[in-house]
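Undergrad: Sharing a structure, written as structure tokens. Questions coming.
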Amino acid sequence: MVANMTQTVTIFIDDKEYQVPAGQNLVDVAKWIGNDIPVFCYHPKMAPVGMCRMCLVEMGSAFDPKEKKIVRDDAGTPQIKWQPKMQTACTNKVSEGLAIRTNTDAVVAARKNVVEFILTSHPLDCPICDKGGECPLQNLTMAHGPGGSRMVFSDKQHLDKHVPLGDLIFLDEERCIQCARCVRYQAEVVGDDVLAFHERGRRLQIITNSNPGFDTYFSGNTTDICPVGALTTADFRFGARPWELSEVPSICPFDAAGSNISLSTRLDRDFGGKAMIKRVMPRQNEYVNEIWISDKTRFGHHFTRDTETRLLEPLAGKGDSLSQVSWNEALQLVADRIKTAGDDVAAIAGSSLSNEDLYALRQLVQGSGGKRLGAWPPTHAGADLVAQVGVGVGTNLSKLGKGDAVLVVASDLEEEVPIWRLRIKQAHDRGAYVVVMNARPTRMDDFATESIRYDYAEAANAFSILREKYGDYAKKLTEAANLIVVAGAEGLTLEASGALMQSAVNFLIESGHVGKANNGLLSPLPGANGMGQHYFGFTPEVTQDIINNPPKVLIVAQADLLLDDPTAKVWLSKVKNVIYLSLFKDEAPQWATAALPIQSFAERDGSFVNGERRVQRFYTGQGPLGEALPAWQILGRVGEKLGQGKVKLSAASVMQEIAKSIPAFAGCTYADISKVERQFPDVGGHDLYYGGTAYQNKGGLGVQIPTTADKGESVTPAARGGAGAGLPAGQVMVVPVTRLYNRERVFRPAELVHPRVPDSFVEINSADAKTMGINNGDTVHITVGEAQPVVARAHVNGGAPKGTVVLPRHLSDVPVPLTISAGSVTKA
């Protein structure tokens with residue numbers, strides 16, 4: 001913390017002198033230098049309120065405002081004027097000459113009294129409380145509380161014990177100590193003001209004021225920062241004791257944020273005595289997700305051990321069906337088919353395949369003479385541009401504030417990368433100028449300084465619209481001290497997505513916002529490793545070529561083609577040999593050559609590259625399912641049968657080879673990306689009362705790959721064509737969009753969240769609905785080309801511009817178009 005601050009002040013804590021950053025919160029500073037001032041209501045990520053009074057200290061000052069210096073006697077001892085009453089440390093910032101005492105009899109007595117007062121109405125149920133073992137109230141009672149109680153048990157306040165605040169979080173009203181951390185977190189940090197206080201005095205209770213209850217994507221974080229066992233998750237409730245758990249560092253497998261997480265595991269009899277994930281917790285990385293994770297990250301882990309849906313053994317095609325075979329038979333079959341294809345071998349890699357898997361897949365294809373490496377899904381172009389002018393090395397969204405700017409275009413960040421939405425919202429709170437451009441309203445509009453609308457047909461020309469029609473906004477963006485552009489692909493074809501990304505690059509280059517921290521380009525690429533796909537040569541443009549010109553052998557690795565693409569069944573049938581490396585039974589068509597079971601992120605070691613180009617490692621946390629193997633090992637064993645060399649012994653050795661042979665990954669061995677450093681705020685230690693139960697980062701902060709601009713190499717504006725999709729007469733534009741909660745195969749086993757997954761719906765403009773004779777709530781068919789119609793419920797509202805319908809992906813078993821397409825809507 002001190003190293004990042006240029007101005008320091010002299011303060012005195014318990015008669016010791018310290019040089020500390022000016023203007024910092026007193027509790028934070030004391031914590032940093034090793035003096036833990038106990039707190040209940042204060043949290044370093046929120047504004048102080050001084051509610052609990054646990055942080056009372058004696059306070060004074062040795063600073064003379066007239067002389068503008070610290071007053072000292074001849075011996076150099078500061079002459080401190082002490083205030084007559086104790087003060088709350090959390091509501092004070094350090095200044096020159098500030099002095100506090102934290103260990104006097106008066107302070108000790110005050111802390112004891114506060115703890116005793118809190119315990120007067122707190123239930124004595126520690127042995128059955130989920131927070132037991134990691135409870136701030138327990139810890140602070142042991143350290144500062146009375147040895148006994150003067151409270152008559154029958155006089156305790158009795159309230160409801162099992163109150164659902166929605167589908168995911170339970171409230172024990174008796175345990176609540178009224179610190180308001182949860183209420184303040186939702187209002188201040190998230191911007192979803194869905195919790196409130198009800199009643200007064202000892203009957204004060206937390207309530208939810210939304211419908212459905214606790215309606216937010218970040219509810220689980222309140223259980224982390226709750227200093228007692230009042231808030232617990234339905235997922236972990238009564239599942240295990242904290243001291244039984246082993247913590248394994250990992251990375252969220254769902255989106256481009258690359259949130260750092262900790263897998264809390266335990267050997268479990270319900271899982272055959274193997275290590276099993278009992279809960280997912282945030283792991284601090286102030287550059288990436290700070291100490292927060294989305295509820296999808298927290299509750300979406302169940303697919304990793306779902307034996308009903310996971311592919312558990314190798315399958316080989318026999319006629320029009322797949323039958324179980326041994327690994328040796330399956331690998332030999334695959335090797336033989338690749339041999340017969342000559343050099344007509346291609347691959348399509350999913351966006352959550354690890355770096356090690358991508359490298360092994362590339363080696364196998366190229367070693368067999370193939371050249372075509374496709375990225376799935378083929379929806380977002382421009383990852384190569386992120387590699388050129390992406391956000392600079394050292395970027396931290398939490399540093400953006402007054403004088404800085406963020407432009408979000410063609411993206412619904414709330415649904416696509418919720419952690420980015422959360423962090424940009426906070427940047428706006430700190431004074432950043434935030435502009436949101438989209439054809440329809442999104443949640444990000446609530447946290448924007450300015451919102452701009454355009455027609456979907458004009459989406460590729462969004463920057464021309466910005467300059468020509470909103471010149472004042474464009475000027476504020478270009479003149480900002482720091483500027484980050486987040487460019488998505490909503491309402492764009494793949495070609496038009498590339499054109500928009502190039503326009504974003506030009507805007508950044510021309511305004512001088514490249515090659516430095518907190519400046520540059522971001523894109524909400526699908527999956528956890530969209531940038532990794534780029535660095536290993538997998539592109540969506542090649543995928544389009546594979547679709548149009550099917551190879552003799554196609555290797556499909558962790559890509560759900562049939563669920564994502566309504567045309568996949570047709571074009572896949574033209575491929576002579578389709579080899580699937582899959583997590584799930586139903587991903588591969590029955591006529592595939594082979595379906596090989598791969599391990600999930602939780603079952604093996606590996607790494608991802610997040611949207612900010614940070615290479616981050618995840619570790620083996622859970623026992624493997626069935627006969628599944630890491631994808632890199634399967635591909636390496638096939639290569640071994642083809643004479644391409646011995647398979648590597650570990651993921652670490654694969655990454656070591658990557659670091660030597662792929663220039664972007666120089667300095668990215670496991671040893672490099674596993675390095676850690678002390679972070680501010682200092683959370684996750686034994687004093688859980690300060691920052692909550694987020695975990696310290698012991699698995700690595702990762703290494704950020706420098707961009708072309710970071711390296712000082714020339715980047716110049718360029719042109720990239722790409723018009724919007726045309727609209728034939730009598731049709732509407734069908735715009736596929738992302739929903740965070742959906743029915744993708746990886747999310748289906750998360751049954752706890754099923755009530756939050758909406759039925760298939762389509763948003764229709766009211767004028768279009770009237771013309772079509774469709775009313776709100778009607779069942780309709782959305783048809784695009786020759787594909788099977790999607791059946792959905794009509795939402796006639798202001799969510800869709802005239803001439804378009806907005807159709808969420810993965811809410812129906814019938815796939816929706818990959819990108820914007822012309823189609824028709826008819827009443828069922």
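Undergrad: So, with +1 on the Cβ of K and R and -1 on the Cβ of D and E, and no other charges, what is the size of the charge dipole of the chain about its Cα centre, to the nearest 20 debye?
TA: Result for the chain is approximately 580 debye, rounded to the nearest 20.
Undergrad: Between 0 and 90 degrees, rounded to the nearest ten: what's the tilt of helix 355-367 against the longest Cα principal axis of the chain?
TA: The answer is roughly 20 degrees.
Undergrad: OK, next. For a quick protection proxy, order the peptides 150-159, 519-528 by their average other-Cβ count within 10 Å, most packed first.
TA: By packing density, highest mean first, the sequence is 519-528, 150-159.
Undergrad: Rounded to the nearest 500 deg cm²/dmol, what is the calculated helix-only ellipticity per residue at 222 nm for the chain, with -39500 (n - 2.57) per DSSP H run of length n ≥ 4?
TA: Rounded to the nearest 500, it is -6000 deg cm²/dmol.
Undergrad: If you don't mind, another one. Relative to the longest principal Cα axis of the chain, at what angle does helix 651-661 sit, 0 to 90 degrees, rounded to 10?
TA: That works out to roughly 70 degrees.
Undergrad: Stretch H754-S573 to full length: gain in nm at 0.36 nm per residue minus the Cα-Cα span?
TA: Once the chain is fully extended between H754 and S573, it gains 61.8 nm.
Undergrad: Same structure again: Sort out the exposed loop GluC sites (Glu not before Pro) in the chain (DSSP loop, at most 14 other Cβ within 10 Å) and tell me the longest stretch that has none.
TA: With GluC sites (Glu not before Pro) excluded where exposed in loops, the chain gives 480-676 as its longest stretch.
Undergrad: Which pairs break 21 Å Cα to Cα here: K45/K156; K770/K827; K112/K156; K318/K585; K371/K576; K371/K574?
TA: K45/K156
Undergrad: Ignoring ligands, DNA and RNA, what percent of the accessible area of segment 166-215 is carbon or sulfur (1.4 Å)?
TA: 45 percent
Undergrad: Where nothing but the Cβ of Lys and Arg (+1) and of Asp and Glu (-1) is charged, how large is the charge dipole of segment 527-684 around its Cα centre, in debye to the nearest 20?
TA: Here segment 527-684 has a charge dipole of around 480 debye.
Undergrad: Quick one: compute a quarter of the convex hull surface over the Cα atoms of segment 421-564 and quote it in nm².
TA: 10.5 nm²
Undergrad: Return the aspartates and glutamates within reach of K274: Cα separation strictly under 20 angstrom, same-chain partners fewer than 8 residues apart disregarded; answer none if there are no such residues.
TA: D235, E244, E247, D306, E308, E313, E603, D605, E627
Undergrad: Modelled label-to-label distance, R453 and K641, 7 Å Cα→beta-carbon offset: nm?
TA: 5.8 nm
Undergrad: Starting from segment 193-252, pick out the trypsin sites (Lys or Arg not before Pro) whose DSSP state is loop and whose Cβ has at most 12 other Cβ atoms within 10 Å.
TA: Passing sites in segment 193-252 are R200.
Undergrad: What FRET efficiency, computed as 1/(1 + (r/R0)^6) with R0 = 45 Å and r the Cβ-Cβ distance, is obtained for K85 and S149, rounded to the nearest 0.05?
TA: About 0.95, to the nearest 0.05.
Undergrad: Between R269 and T307, what is the FRET efficiency for a Förster distance of 22 Å, r being their Cβ-Cβ separation, to the nearest 0.05?
TA: 0.90
Undergrad: Round to the nearest 10 and give me the degree value, 0 to 90, for the angle of helix 418-429's Cα axis relative to the longest principal axis of the chain.
TA: Helix 418-429 and the main axis of the chain meet at about 50 degrees.
Undergrad: Can you tell me the relative contact order of the chain? Whole percent, Cα pairs under 8 Å, sequence separation 6 or more.
TA: The value is 14 percent.
Undergrad: Given R₀ = 25 Å, FRET efficiency for V49-N113 by Cβ-Cβ distance, to 0.05?
TA: Given R0 = 25 Å and the Cβ-Cβ separation, E is 0.80.
Undergrad: Taking amide H positions as placed 1.01 Å from N in the peptide plane, with prolines and chain starts having none, which residues 5 or more places from C668, or on another chain, fall under 5 Å of its amide H?
TA: none
Undergrad: Could you give me the radius of gyration and the Dmax of the chain, taking only the C-alpha atoms into account and expressing both in angstrom?
TA: According to the Cα coordinates of the chain, Rg and Dmax are 28.3, 97 Å.
The values are calculated or read from the model by the stated rules, or taken from the named source; none is laboratory data. What you see is a predicted model; the values in this text were computed from it and never measured. Cβ: placed from backbone, ideal geometry, glycine included. Neighbour counts: every protein chain shown. With ligands, DNA and RNA removed, areas are computed over all heavy atoms of the protein, side chains included. Shrake-Rupley method; radii C 1.70, N 1.55, O 1.52, S 1.80 Å.
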